[in-house]
Structure formats: C-alpha cells, structure tokens
Amino acid sequence: MAVHIFVVDEKNFDTCIRHGLAGMPKKTGNPSRDANTNEGLLSRMAIVKKNDLVLFYISKLKELHGVWKVLEYPFYDETHVWENEDGTTIYPYRVRIDNTEYNFMNPIKLNDLYDLRDNGVLWTFSLIRPNGTPNSMFSITNTEYEEIQNLFLKINPFYTQPKQIREPYRYFEPNLRNQLCFDENLKPRYEYTLMALILNGFAHSQYKDIFGEYNDFVSYVPTSFGKEMDILLLYNNPLVPKQTLAYNIIEVKRDMFDEDGMKQLLQYEDWFFMKKVNGDYNAIRTTAIASGFSDKVKDYLKKRKEYEGKEVLLLNYSVNQERELILKEESI
C-alpha cells in the first residue's frame, strides 16, 4: 500500500471531496515546450493503484488532511471540474477516491510535519523539488504514513463521520498509458515517459521475476544534496511486515547509461548507506535501467565486483507494439 499526498488550495480541496476525485495539472499553453513537463506530471500519477491511501495538503493553510482511499487505477479526462481550470492549466490526470474509516477533524500542521522530518522519520516528504518548483503530488512510504497516522490519532481523540461524497465522479477505464509520447520507433520520447512506464509496471506488481518480492516503492525521492532518486523499492521482513530489511535504488536513463549516470547512482548508494541503513551494505541493492550501457561503465562494474564484491544490476529496456515495457538483464 502506497500513500500519496496531493497539494491543493482550499477551493480545489472542496471540489476533490465533493466529487471523490484527485487530480494532477497539465500545461496547455505551449504544447511543444510543455510536453516534457506533462510527461513528468503523468509519471507521478502512474505510481497510484487501487486501495492506496490519499492525503491532501492545503498549501495556504499549511495543513495536512486525511484519510481517503483510491478506488481504481488513474485515468485521463479533460472534463472541466475544478474552478481554477483555464486556458493554460487543466487537471486531466485523475483518480477516484472514497472515504475511509479514519476521518480526522483536526488536520496536521506543517510545523509538526517538519518536526517528524527533522527527527528522520519523515524523509520522503517534499513540498518543493530540488529545482525549486513546487510539487503538485508526491508519495511517501507506508512506514512514514504510520508516523503521520499516529500524529493524526494524537490530535484527534475521536473519529468523525466522513463527509459524504455528494457528487461521485463517473468511472473511467484506466487510460494514462495512451497519453504517453513515443517516437516512430516506439522509443519513449522523454525520460519521464520511461519513468511512467516503469512506475505503472510496479503499480501492477510487475517485474518481480527481476526485482524479487518488493513490498513498497516510491519515486522522485529527495536527498540532502539536492538530487532525487528516480525509484526506490522497499523489501519488508515477511515475519515482521512493518520492518523494512532492504532497498533497491533504481536510476533510469532514456538513452545510454554513461559514467555520469553511474556516478549519480553511486552517490545515491553512498548517501543511503550513511543516512538510512546505518552502514549495512547488505541492505542496499542498486539497479540501472537504460537503452544501453557504455563500455566504461561495464569495465568499472567488472572491477567493482572483482575487488569489492559489489554489483549493480543493469537492465536494457525496449517497448513492444502494445507499448508494454520489456526489461532484460545486460551482462558485463
């Protein structure tokens, strides 16, 4: 179960609750300029799946409200719903939501969330991306959500009756993949396109023959050095489900994976080694996904395996006629 936080204003929040609908924006002012940005927004929604949980952060009030659940996989629909949809911005990347048994009257204030972050228990919470742009939606791990739920319970001694979804939005078949951009050779046009394909696969519990029995995953994970990890898989203890035992850091490149890409992946590995797993290298796995890998990368990984006993899984990707992603291990 993943948990997603949508960043909204008060009017948009009321619309979301009235219709049982959460949405992500799409820029429409300049299609050629905005295409890459829109693929990035779509890729964030691609992570969402049925029964995930949804929270809303109201930006001006600096409050976190919860908790709702996802009804189905997300879809694309341009029907006008939100008041601030205009000629340059619409919210077509959508997912239907419903109430849960947890309806908290008192929201969590931003300063309390920052206290959790400062204590190291809320480490994927990120209202602002490293490039300075605000997040419209981001995802956190289930372990982090448990800390947020505990805080909700502390400030809400009683559950309140959920507000009825007064005007439930109609059902749409999941169709986000139809919006992705490919070139004439069925290669993803942007790196975000590839990210959306991979995340959609994880949302459908695919690739376990490659990655094993992962229990949770998040994307665009912030670090303390101004970069975002593309994807992070989490593996829990089957005997103690709330205990995370291992992680897989995945770096994605649309084209050739070169030395710069490998340096970036290893920087994430070092950061995670120091900050998250208390120096336990057995708890970290690393993976690179690309259309190919440079000889220098392969040569380095051969020596790394020989001298340090550390491996990086290399995966070549391709897309078939049905626009399904195929991953195949690259030998070194």
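Among the residues of the stretch 323-330, are any assigned to a loop (DSSP other than H, G, I, E, B), over 19 Å from Phe272 (Cα atoms) and touching a strand residue (DSSP E or B) at 6+ places or on another chain (Cβ under 6 Å)? Quick ask: steps written out before the conclusion?
Narrowing the stretch 323-330 to residues assigned to a loop (DSSP other than H, G, I, E, B): 323-324, 330.
Imposing the further condition that a residue be over 19 Å from Phe272 (Cα atoms) reduces the set to 323-324, 330.
Checking the rest, the ones that are also touching a strand residue (DSSP E or B) at 6+ places or on another chain (Cβ under 6 Å) come to 330.
The answer is yes; a qualifying residue exists.
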Just one of the numbered conditions (1) under 27 Å from Leu122 (Cα atoms); (2) of a type in the set (Phe, Trp, Tyr); (3) surrounded by fewer than 19 Cβ atoms within 10 Å (Cβ to Cβ); (4) assigned by TED's automatic domain parsing to the domain that holds Gln321 is not true of Phe158; which one? (4)
So which of Phe225, Phe182 ends up being out of contact with any strand residue (DSSP E or B) (no Cβ under 9 Å at 6 or more places or on another chain) and either closer than 26 Å to Glu330 by Cα or at pLDDT below 95 (or both)? Phe225
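Criterion first (without any contact (Cβ under 8 Å) to a residue 24 or more places away in the chain, over 23 Å from Gln179 (Cα atoms), of a type in the set (Asp, Glu) and not in a loop (DSSP other than H, G, I, E, B)) does Asp34 satisfy it? Can you show your working first?
Values: without any contact (Cβ under 8 Å) to a residue 24 or more places away in the chain: yes; over 23 Å from Gln179 (Cα atoms): no; of a type in the set (Asp, Glu): yes; not in a loop (DSSP other than H, G, I, E, B): yes.
Against the criterion (without any contact (Cβ under 8 Å) to a residue 24 or more places away in the chain, over 23 Å from Gln179 (Cα atoms), of a type in the set (Asp, Glu) and not in a loop (DSSP other than H, G, I, E, B)), Asp34 does not qualify.
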Candidate set: the stretch 232-250, residues that are surrounded by 15 or more Cβ atoms within 10 Å (Cβ to Cβ) and farther than 21 Å from Arg117 by Cβ; chosen: the one farthest from the chain's Cα centre (by Cα): Leu245
Are there any pairs, at least 6 apart or on different chains, whose C-beta atoms fall under 7 Å, with the first in the stretch 3-22 and closer than 15 Å to Pro92 by Cβ and the second in a helix (DSSP H, G or I), and if so, which? Ala22/Cys16
Candidate set from the stretch 125-150 (those that are buried (at least 19 other Cβ atoms within 10 Å of the Cβ) and touching a helix residue (DSSP H, G or I) at 6+ places or on another chain (Cβ under 6 Å)); member that is farthest from Phe272 (Cα to Cα): Met137
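The values are calculated or read from the model by the stated rules, or taken from the named source; none is laboratory data. Note that this is a predicted model, so its numbers are computed, not measured. Don't worry about glycine lacking a Cβ; one is built from the backbone with ideal geometry, like all the others, and counts go over all protein chains shown.
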